[in-house]
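Notes to accompany the following structure.
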Amino acid sequence: MTVRTPSSRIRRAVTPLALCAGLTVGLTACAADPDEGTNGVGRLSAPEIESKAQAAADAARAVRLSGTLVSKGGTFKLNMRLKQDGATGSVTTKNSTFELLRVGDALYLKADAGFWAHDGKEDDTPSEADSEAADTLDDKYVKVPQGDPSYKQLRGFTDMGPLLDGLIGLHGEKVKGDRDQIGGVRTVKVKGGADGEGGTLDVSLDGEPYPVQFARGGGGGIVVLSEWNKDFPLTAPSKEETLDYGKQLPRT
């Protein structure tokens, strides 16, 4: 007995295949568009994506930056909220953790007694007088004099524009990478060099094309950028919260 399949059933089965695999349409035409519902920067070239991200960062009023930086001077862990006229947050080094607060040009540092007793020498034992002074400064804000050698170094952690420029710049030929998702945000990667030796920048595919994450080349650390344009208060500490260190700040 021969069973004949109705021609209408064959047509129903074949028609979708024909639409997707016809002579002029490849199979990829039926694949999902990875840029559907995004801001469209994923369709751009690598240099164009980087340019869009830099423009978005330059125009932003505020950002949170967190992560680890590795340099010849040591390893720093940052958790900073930055905006154009100041910043607040914490920095952790090999020897200590301290808080920074900048309001305009006024820069304040707050740390525990161990930080103030430390003068940069790991084997140094503070004197009784130094220990007493450190106890007095414990968890108090100290205004960093602008003439102090530490002022420029510490302020560097609080200047939004220069800090971002120094952290998220790619080096070498720009190469477009894969799509990813970081903290629930869809991203597209742009690499400096084929293997990211000049850094790898993740750019948001949702909303404004802000930088979301930057991995520095050569194992130089990873920083995450979030809360773009989310404002936060900046207020100088009261006189009751502030003490004068009285001499050059200890090296960090």
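Just so it is clear, none of the values below were taken in a lab; they were calculated from the coordinates. From a predicted model like this one, the values you see are computed outputs, not experimental measurements. In this analysis, Cβ positions are derived from the backbone assuming ideal geometry, glycine residues included, and neighbour counts consider all displayed protein chains.
Numerical summary
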| quantity | calculated |
| --- | --- |
| Loop-located GluC sites (Glu not before Pro) in region 149-252, at most 16 other Cβ atoms within 10 Å (DSSP) | Glu173, Glu197, Glu227 |
| Out-of-range pairs (alpha-carbon distance over 18 Å; input Lys110/Lys230; Lys52/Lys176; Lys77/Lys110; Lys143/Lys230; Lys72/Lys191; Lys52/Lys189) | Lys110/Lys230; Lys143/Lys230; Lys72/Lys191 |
| Loop-resident sites, region 48-106, for trypsin sites (Lys or Arg not before Pro), counting at most 16 other Cβ within 10 Å (DSSP) | Arg61, Lys72, Lys94 |
| Distant-in-sequence amide H partners of Gly177 (H built 1.01 Å from N, under 5 Å) | Lys189, Val190, Lys191 |
| Derived scalar couplings ³J(HN,Hα) [region 233-243; Karplus, 6.51 cos²θ - 1.76 cosθ + 1.60; whole Hz; x for Gly, Pro] | x, 10, 9, 5, x, 6, 4, 5, 8, 10, 10 |
| Residue-count net charge about Leu201 - beta-carbon cut-off 12 Å; Lys, Arg +1, Asp, Glu -1 | +3 |
| Net +/- balance of residues flanking Gly42 in space, Cβ distance below 15 Å, scoring K and R +1, D and E -1 | -2 |
| Sites matching trypsin sites (Lys or Arg not before Pro) across region 148-252 that sit in DSSP coil, with at most 10 neighbouring C-beta atoms within 10 Å | Lys247 |
